[in-house]
Amino acid sequence: DASPPVLRAEGLVKAFGGIRAVDGVDLSLDAGTISALIGPNGAGKTTCFHLLAGQLRPDAGRLWLDGRDISRLEPHRRAALGLARTFQIAGVFPSLSLADNLALAAEAPRRPRPGLRRRAAPDAATLLARVGLDLDPGRPAAGLSYGQVKRLELAMALAGRPRLLLMDEPTAGLDGPERDRLLGLVAGQVAEQGLTVLFTEHDVAAVFAHAGRVLAMADGRLIADGPPAAVAADPAVQRLYLGRP
Ligand code: ATP
C-alpha cells in the first residue's frame, strides 16, 4: 500500500522553560485506525495534541497530513484540510435545534476555497443515527442528558467530515457504561467511515477495550507503541501504572 499515513510526526519537541514537555516524539497514524495516547499526568499528552492541531509551535520537528507538510500551517488551515480537534467545536447551543447545531458544526471547519468542490455534509438524521441518538432533529438541544450532549458533540465533529479526529478525553465526566458507549460509537465510525482517531483517556480498561493501538507516553517521550495487549505487558508501562520496579 503506497498511500502515506494520515498523520506523520517526526522529532516533535516542545519545552516550557527547562521542562521538555514533548521530547522527541515520532508517530504515524494510518487511515481507518483508532489509537489511544496514554500516560500519567504531566506526561505531555495535551502538549502533543496542541502541537498536532497547531495551537502550539514546536521547537523542533515536522508534521505531515496525508503526505502534505502542515508544520507551518495555522490551526484553521489544518482544520480545513480535515484535521479536527473536538474541543475546537464551539459547544452545543441549547436554544438551537439539533439539526441547526449540526449544520453550524458542518460549516465551521471547512472553509470554501476557490476551485474546491465541497462534499455535502451528511443530513442531521444520518448524523444522529451514527451516534445512536434517536431524537427529532428539530428539537432543541436544551434538555439533553450529559451523555446525550457528548454524543451530539461527536456528531458535530463528524458533521465537519474530518479525516483525522483528535479527541482530548472525550469521556470526561461520563460513567462507565456511558464511556464504553461513546468510545464504541467512535470505534464504529472508524470502521465504517474510514475515519482516523487519536484520543486520550485515563481509564486504562476503556483504552484496552476500544483502541486498536496504544501509544504510552512518559516524561515527553513515547515509551511504548503497539497493540493494547503488547503495551499492557510492556515492563516500562507496568512500572508506570503499577509502580513495579
Ligand atoms: P494531564 O493528563 O494532566 O492532562 P498531560 O500528559 O496532558 O497531563 P501536559 O499538559 O502536556 O501533560 O504537560 C506536560 C508538562 O509540560 C508538564 O510538566 C506541564 O507542567 C508542562 N506544561 C504544559 N503546558 C505548559 C505551559 N503552558 N507552561 C509551562 N509548562 C507547561
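Just a few scattered comments:
- Its relative contact order, with pairs defined as Cα atoms under 8 Å and 6+ residues apart, puts the chain at 27 percent.
- Solvent-accessible heavy-atom area per residue, rounded to whole Å², over the range 159-228 at 1.4 Å: 37
- Helical runs (DSSP H, four residues minimum) scored at -39500 (n - 2.57) apiece and divided by the length of the chain put the mean residue ellipticity at 222 nm at -10000 deg cm²/dmol.
- Prolate/oblate/rounded label for the range 5-109 (Cα gyration tensor, a/c 1.5): prolate
- Cα-centre dipole for the chain with unit charges at Cβ (Lys and Arg positive, Asp and Glu negative), debye to 20: 780
- Assuming charge only on the beta carbon of Lys and Arg (+1) and of Asp and Glu (-1), the dipole of the range 185-245 about its Cα centre is about 200 debye to the nearest 20.
- In terms of its C-alpha gyration tensor, the range 200-242 comes out rounded, because the ratio a/c of the largest to the smallest axis stays below 1.5.
- Separation of the range 194-237 and the range 66-85, taken as the distance between their Cα centroids, equals 24 angstrom.
- In units of the rule-of-thumb radius 2.2 N^0.38 Å, the range 138-245 shows an alpha carbon radius of gyration of 1.20.
- Sorting 156-167, 172-183, 31-42, 47-58 by average packing, meaning the other beta carbons within 10 Å per residue, from highest down gives 156-167, 47-58, 31-42, 172-183.
- Per-residue HN-Hα couplings for the range 138-143 [Karplus 6.51, -1.76, 1.60; θ = phi - 60°; Hz; x = Gly/Pro]: x, 6, x, 6, 4, x
- Under 10 Å, Cβ to Cβ, from Leu7 - net charge with Lys/Arg +1 and Asp/Glu -1: 0
- Near Gly173: Cβ cut-off under 11 Å, other residues only, Lys/Arg at +1 and Asp/Glu at -1. The net charge is -1.
- Prolate/oblate/rounded label for the chain (Cα gyration tensor, a/c 1.5): oblate
- Net length gained if the chain between Ile19 and Asp59 were fully extended (0.36 nm per residue, minus Cα distance): 13.2 nm
The values are calculated or read from the model by the stated rules, or taken from the named source; none is laboratory data. This one's a predicted model, so the numbers in the text were calculated from it and none came from an experiment. Every residue, glycine as well, gets a Cβ built from its backbone with ideal geometry; the counts of neighbours run over all protein chains shown. Calculation scope for accessible area: heavy atoms of the full protein, side chains included, ligands and nucleic acids excluded. Shrake-Rupley method; radii C 1.70, N 1.55, O 1.52, S 1.80 Å.
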